[in-house]
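In what follows, a single structure is set out as structure tokens and then discussed.
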Amino acid sequence: MKCWLGIVVVAMAMQNCWSVTPAAAQSLLLEYKAAEALPKFDIDGKPARIHTQGLFVTQRHYYITGRLETQPRRALLLRFDRKNLKTVEFVEITPPQKGPDDALRLDHPGGFDFDGQDFWIPISASRPHSRTVVLRFPHQPDKPLSTTVSKVAFTCDDHIGAIACDSMSRELYGANWDTKLVYRWRTDGTVVETIPRQELISDDKTWALAVQDWKGIGKQRVLASGIDKNRDREPATSPALVAIVDIPQRSKIASARVPRPKGTEQTLTREGLAVLGDQLFFLPGDLGQAARIFRYQWKIAAE
């Protein structure tokens with residue numbers, strides 16, 4: 001028996017992109033489909049233990065950002081072949097350390113997005129109000145991941161936990177620690193504006209979504225996934241929240257709670273989120289710790 005979750009939204013599916021228009025409201029229905037276990041593997045001859053952060057899915061691969069938890073901690077980008085998950089590639093993306101202070105080591109990659117050519121990956125120190133290097137990493141699926149040459153696009157004097165791309169406006173949206181501040185950048189790092197959290201949703205001053213990962217869905221809107229830290233939230237209400245947000249209009253188009261599927265105690269929106277056509281993917285667990293990718297299907301239905 002199918003179980004659907006309904007939220008009101010206006011949307012049209014596109015691969016790796018949702019387009020939201022101001023037409024008559026419709027219902028978005030989410031159906032849990034399956035969970036896929038990611039294999040354990042070794043790095044430097046030792047079992048890998050990686051704190052995952054961001055997720056991007058193509059027909060061919062799972063791309064994941066994470067922090068290798070063995071010393072010294074390192075930022076990694078990993079690629080899993082979806083037809084053979086035992087085929088795992090990884091490349092270190094830790095930027096050079098600035099100064100001797102280990103507390104400022106940039107070992108924390110965040111949620112990331114794709115602009116049609118490159119991945120945009122923030123790599124920060126593991127504390128609020130720190131420093132971030134934004135990495136531009138070319139998407140080259142037919143080449144070994146380790147041979148791809150990336151470059152630093154720009155830096156930010158804050159901890160950026162997630163980046164979303166808007167391919168039409170050529171802007172980037174960055175969410176800092178707990179999304180207390182949202183940045184709008186041009187791709188050269190020029191700041192267009194900064195938006196305090198209490199102003200992000202103009203008609204809801206209690207909005208307190210701590211974004212873990214988000215993706216641009218066109219027309220300066222993002223699909224955000226994270227933890228609802230509203231202190232007035234009912235204790236029995238799931239903190240796992242997905243929302244469509246119009247950045248320049250300062251409005252929430254729609255949102256939905258994501259309950260835990262049967263058999264898991266994980267909060268699905270705690271780390272990675274990806275969109276591919278009519279599929280949503282969540283990666284809440286750490287690699288090497290029985291991590292699973294949870295897949296949902298969504299469809300549009302008239303009210």
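The values are calculated or read from the model by the stated rules, or taken from the named source; none is laboratory data. The shown structure was predicted, so the numbers you read here are calculated from the model rather than taken from an experiment. No Cβ is skipped: glycine too gets one built from the backbone with ideal geometry, and neighbour counts run over all protein chains shown. What goes into the accessible areas is simple: the full protein's heavy atoms, side chains included, and nothing from ligands, DNA or RNA. Shrake-Rupley method; radii C 1.70, N 1.55, O 1.52, S 1.80 Å.
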Which of (1) out of contact with any helix residue (DSSP H, G or I) (no Cβ under 9 Å at 6 or more places or on another chain); (2) assigned to a strand (DSSP E or B); (3) among the small types (G, A, S) does A224 not meet, given it meets every other one?
(1)
Quick one: in the stretch 33-74, of everything that is polar (S, T, N, Q) and modelled with pLDDT under 95, which residue is most open to solvent (accessible area, probe 1.4 Å)?
Q71
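Per-residue answers, yes or no, for (1) in contact (Cβ under 8 Å) with a residue 40 or more places away in the chain; (2) under 16 Å from T52 (Cβ atoms):
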residue: D203; (1), (2): yes, no
residue: I217; (1), (2): yes, no
residue: E234; (1), (2): no, no
residue: A243; (1), (2): no, no
residue: I247; (1), (2): yes, no
residue: Q279; (1), (2): yes, no
residue: L283; (1), (2): yes, yes
Name the residues in the stretch 125-182 that are open to solvent by 50 Å² or more (accessible area, probe 1.4 Å), of a type in the set (G, A, S) and without any contact (Cβ under 8 Å) to a residue 60 or more places away in the chain, would you?
S146
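Residue-wise test of (1) surrounded by fewer than 17 Cβ atoms within 10 Å (Cβ to Cβ); (2) at pLDDT 90 or above; (3) under 19 Å from A164 (Cβ atoms).
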position	(1), (2), (3)
R260	yes, no, no
E265	yes, no, no
T269	no, yes, yes
L283	no, yes, yes
D286	no, yes, no
A301	yes, no, no
From (1) within 19 Å of I121 (Cα to Cα); (2) of a type outside the set (D, E); (3) without any contact (Cβ under 8 Å) to a residue 24 or more places away in the chain, pick out the condition that doesn't hold for S225.
(3)
Among residues of the stretch 247-265, those that are charged (D, E, K, R) and touching a Lys or Arg at 6+ places or on another chain (Cβ under 9 Å), counted
0
Got at least one residue in the stretch 247-255 being in a loop (DSSP other than H, G, I, E, B), among the β-branched types (V, I, T) and open to solvent by 10 Å² or more (accessible area, probe 1.4 Å)?
no
Kindly indicate whether T194 is open to solvent by 50 Å² or more (accessible area, probe 1.4 Å) and either in a strand (DSSP E or B) or in contact (Cβ under 8 Å) with a residue 40 or more places away in the chain (or both).
yes
Determine, yes or no, whether V275 is under 13 Å from the mean Cα position of the chain (by Cα), closer than 15 Å to D228 by Cα, assigned to a strand (DSSP E or B) and in contact (Cβ under 8 Å) with a residue 24 or more places away in the chain.
no
Can you list the strands (runs of 3 or more DSSP E) lying wholly within the stretch 75-146 that have 2 or more residues being at pLDDT 95 or above and over 16 Å from the mean Cα position of the chain (by Cα)?
84-92, 132-138
